[in-house]
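The values are calculated or read from the model by the stated rules, or taken from the named source; none is laboratory data. Quantities reported herein were computed from a predicted structural model and do not represent experimental measurements. All Cβ positions, even for glycine, are placed from backbone atoms using ideal geometry, and neighbour counts span all protein chains on display. The protein model used for the area step is the full one, side chains on, heavy atoms only, and it has no ligands, DNA or RNA in it. Shrake-Rupley method; radii C 1.70, N 1.55, O 1.52, S 1.80 Å.
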Amino acid sequence: MSRFTSHMEQALAEAAAAASRGEVPVGAVVVGPDGGVAAAAGNRTRELNDPTAHAEILALRAACAAAGSERLPGYSLYVTLEPCPMCAAAISFARISRLYYGAADPKSGGVAHGPRVFDHPQAHHTPEVYDGFAAAEAEVLLKAFFDDKRG
């Protein structure tokens with residue numbers, strides 16, 4: 001039996017790096033069935049002038065490229081913030097097996113809030129979802145980022 005290892009620390013580091021680039025601090029890490037990190041990314045929407053360049057999308061693209069497949073069964077995704085509806089749909093399309101996320105996003109989330117993408121009968125695939133991983137740490141990064149923008 002294998003021992004569970006969280007990769008949320010690396011996702012938080014990606015989120016902090018995103019904040020240092022002036023991006024909303026969200027980080028994502030894709031972990032393969034062997035437990036190794038397949039890809040990691042932070043938000044780059046402003047840097048790339050791309051509204052789809054969310055951490056999850058970038059990490060999924062890189063992991064799919066490395067795997068040579070558009071699907072990632074057996075893979076896990078760690079993300080610091082509840083995925084938005086776009087990212088939740090991409091997670092479903094990629095057939096991610098397990099989703100671990102930190103902070104809830106009542107305003108823009110798509111998993112536990114808003115459209116609850118995985119609850120719809122149209123969802124192609126529903127991963128196992130685990131929320132609240134390092135939520136306090138993720139919330140601190142987000143709050144500091146937005147306080148700085150408003151201040």
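Of the GluC sites (Glu not before Pro) in region 1-89, the ones in a loop by DSSP (not H, G, I, E or B) with at most 16 other beta carbons within 10 Å are Glu70. Computed across the chain, the Kirkwood radius stands at 15.1 Å (inverse of mean 1/r, all Cα pairs). Take every pair of alpha-carbon atoms less than 8 Å apart whose residues are at least six positions apart; their mean separation over the length of region 7-86 yields a relative contact order of 31 percent. Database remark: amide H of Val129 closer than 5 angstrom to the amide H of Leu99 (H placed geometrically; neighbours at sequence offset of 5 or more, or on other chains; Pro and chain starts carry no H).
Rounded to a whole number, what % of the accessible area of region 26-151 do carbon and sulfur atoms account for, probe 1.4 Å? Kindly include the intermediate steps, with their values, before the conclusion.
Details: 3290 of 6140 Å².
So the carbon and sulfur contribution to the accessible surface is 54 percent.
Under the criterion of Cα pairs below 8 Å and six or more residues apart, the relative contact order for the chain equals 19 percent.
Within 10 Å of each candidate Cβ there may be at most 13 other Cβ atoms; applying that plus a DSSP loop requirement, which trypsin sites (Lys or Arg not before Pro) in region 15-46 survive? Don't jump to the answer; show the numbers that get you there.
Details: sites: Arg21, Arg44, Arg46; in loops: Arg21, Arg44.
Answer by residue number: Arg21.
Packing, taken as the mean count of other beta carbons within 10 Å per residue, orders the peptides 85-95, 104-114, 58-68 from highest to lowest as 85-95, 58-68, 104-114.
Accessible surface calculations at 1.4 Å, restricted to protein heavy atoms, place region 28-86 at 42 Å² per residue.
Over the Cα atoms of region 29-91, the radius of gyration divided by the Kirkwood radius equals 0.95; this is the Rg/Rh ratio.
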